[in-house]
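Here, each number is a calculation from the coordinates, and none is a lab measurement. The shown structure was predicted, so the numbers you read here are calculated from the model rather than taken from an experiment. Don't worry about glycine lacking a Cβ; one is built from the backbone with ideal geometry, like all the others, and counts go over all protein chains shown.
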Amino acid sequence: LIEDIAQRIQRDPRQSGRIRVLILSDFGADHWQRAIDGPLAKRLRQLGEKLPIEYESLADSQTKNLAVTSVQPASSRVLTGQTIEVDVSVANYSDSSVQDLPVQIAIDDHTAASQRIDIAAQSQQTVRFSVSPSALGLSVLAASIPNDALQVDNRRLQVIEVREDYDVLFVEQQA
């Protein structure tokens, strides 16, 4: 996004009067540090020379920010009635540990399983669920944690395909 804004202004400097850059973030050390030290840092500085950039924190020092960072099923296809393992990763971006956090997995908006975990400050933990989807077709796996100040990262989705079980007959010709 920063790259797109910078390119627009380079192509047409008149655009700068119509563009307002507001960066909303919890300014977590692991992700934000990459933005100010990484390859986009130069572009961000160049953009700041042409436009005023406003920064607004969505979290204060007392707020805990937790996030579901990935939902990884063992396979993207499963047979109806078959159990599938799903790994759910949860990150704690705050400076304090969290105990007894409920992590839930749902299939097509129906809770399939739940576990409680403890996560140390500035760390990530992965939990494994075993679920058995029953509806044929595409199903949505949704991993979630309770909402905090930054709600957008508290839920993550993954689609799997549920197929009907079938029998296979192998026929071999003998010489």
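Table for the structure above
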| item | result |
| --- | --- |
| Candidates per chymotrypsin sites (Phe, Trp or Tyr not before Pro) in region 77-173, loop by DSSP, up to 15 other Cβ within 10 Å | 166, 170 |
| Extension gain (nm, one decimal) between residue 41 and residue 147, 0.36 nm per residue minus Cα-Cα | 35.1 nm |
| Efficiency of FRET from Cβ geometry, residue 25 and residue 69, R₀ 22 Å, rounded to 0.05 | 0.90 |
| Euclidean distance between Cα centres, region 69-137 to region 141-172, Å | 10 |
| Leading residue at positive end of dipole, region 35-175 (Cβ point charges), from 125, 143, 41 | 41 |
| FRET efficiency, 1/(1 + (r/R0)^6) with R0 30 Å, evaluated for residue 76 and residue 116 via beta carbons | 0.60 |
| Computed P(r) (all Cα pairs; region 75-175; 5 Å bins; percent) | 2, 11, 20, 20, 13, 10, 8, 5, 3, 3, 2, 1, 1, 0, 0 |
| Net length gained if the chain between residue 108 and residue 166 were fully extended (0.36 nm per residue, minus Cα distance) | 18.5 nm |
| At R0 = 35 Å, FRET efficiency that the Cβ-Cβ distance of residue 128 and residue 173 yields, to 0.05 | 0.20 |
| Cβ charges +1 (Lys, Arg) and -1 (Asp, Glu), total dipole of region 52-175, debye | 120 |
